[in-house]
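K.L.:
My questions will all concern the structure given below.
The values are calculated or read from the model by the stated rules, or taken from the named source; none is laboratory data. All values derive from a computational prediction rather than experimental measurement. We place every Cβ from the backbone using ideal geometry, glycine too, and count neighbours over all the protein chains shown.
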Amino acid sequence: MSLHGFVRATEDIDLFLKIEADNINRLRSALKQIWTDPEIDEITIDDLAGDYPVIRYGPPDEDFVIDIMSRLGEAFRFEDLEAESIEVGGTTVNVATPVTLYRMKRSTVRPIDKADADALQRTFDLDET
């Protein structure tokens, strides 16, 4: 949301991964470049391919968590996401498009997600589809 211009407090970072061994290995490698934490090695492809395909990783000495997921129930899989590239501090990152974020957030039960969906709809003039 913040990379699309919406400022609001958040307590987590959501990462969607395509379920492939190389992706999991790259994720673990990237996390290890930032944190020395043996729990990083416990992030497995089996967990992300299971019935509950979300891993919540809390880096040591940080006040946020990283939600690593391969799908949101039956509604969204990695392959369903439309993404765009945005440069952040000299690094190009892929982020969900406003349309994708709107579709993901519009039908949830969390009030913050509904507020996000409303803001996305107004700002980007999105229709209900």
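K.L.:
For the range 13-55, name all the residues that are under 23 Å from GLU82 (Cβ atoms) and not in a helix (DSSP H, G or I).
P.N.:
Selection gives ILE13, ASP14, LEU15, PHE16, LEU17, LYS18, ILE19, GLU20, PRO53, VAL54.
K.L.:
Still on this structure: Looking at the range 2-10, is at least one residue within 17 Å of the chain's Cα centre (by Cα), aliphatic (A, V, I, L, M) and in a helix (DSSP H, G or I)?
P.N.:
yes
K.L.:
If you take the residues in the range 57-66 that are touching a Phe, Trp or Tyr at 6+ places or on another chain (Cβ under 8 Å) and not in a loop (DSSP other than H, G, I, E, B), which one is surrounded by the fewest Cβ atoms within 10 Å (Cβ to Cβ)?
P.N.:
It comes out as VAL65.
K.L.:
While we're on this one: Collect the residues in the range 95-129 that are closer than 20 Å to GLU11 by Cα and loosely packed, with under 12 Cβ neighbours inside 10 Å, keeping them in residue-number order.
P.N.:
Passing the criteria: VAL109, ARG110, PRO111.
K.L.:
Right, another one. Restricting the search to the range 37-55, which residues are out of contact with any Lys or Arg (no Cβ under 6 Å at 6 or more places or on another chain), touching a residue at least 12 places away in the same chain (Cβ under 8 Å) and either under 16 Å from GLY73 (Cβ atoms) or not aliphatic (A, V, I, L, M) (or both)?
P.N.:
Across the range 37-55, the qualifying residues are ASP37, GLU39, ASP41, THR44, LEU48, ALA49, VAL54, ILE55.
K.L.:
Kindly indicate the residue of the range 73-94 that is over 16 Å from VAL7 (Cα atoms) and among the hydrophobic types (A, V, I, L, M, F, W, C) and also surrounded by the most Cβ atoms within 10 Å (Cβ to Cβ) among those meeting that condition.
P.N.:
LEU81
K.L.:
Another question, then. Search the range 70-94 for residues being in contact (Cβ under 8 Å) with a residue 60 or more places away in the chain and part of a helix (DSSP H, G or I), and hand back the single one that is farthest from ALA9 (Cα to Cα).
P.N.:
It comes out as GLU79.
K.L.:
Among all residue pairs at least 6 apart or on different chains, which show Cβ distances below 9 Å where the first residue, located in the range 112-126, is aliphatic (A, V, I, L, M) and the second is exposed (fewer than 13 other Cβ atoms within 10 Å of the Cβ)?
P.N.:
Close Cβ pairs satisfying both conditions: ILE112/ARG8; ILE112/THR10; ALA115/ARG8; ALA117/SER107; ALA119/ARG8.
K.L.:
Determine whether ASP118 is over 16 Å from the mean Cα position of the chain (by Cα) and outside any helix (DSSP H, G or I).
P.N.:
In short, no.
K.L.:
Then there is this: Here is a list of conditions, (1) aromatic (Phe, Trp, Tyr); (2) modelled with pLDDT under 95; (3) over 30 Å from ARG122 (Cβ atoms), and TRP35 meets all of them except one; can you say which number that is?
P.N.:
Unmet condition: (2).
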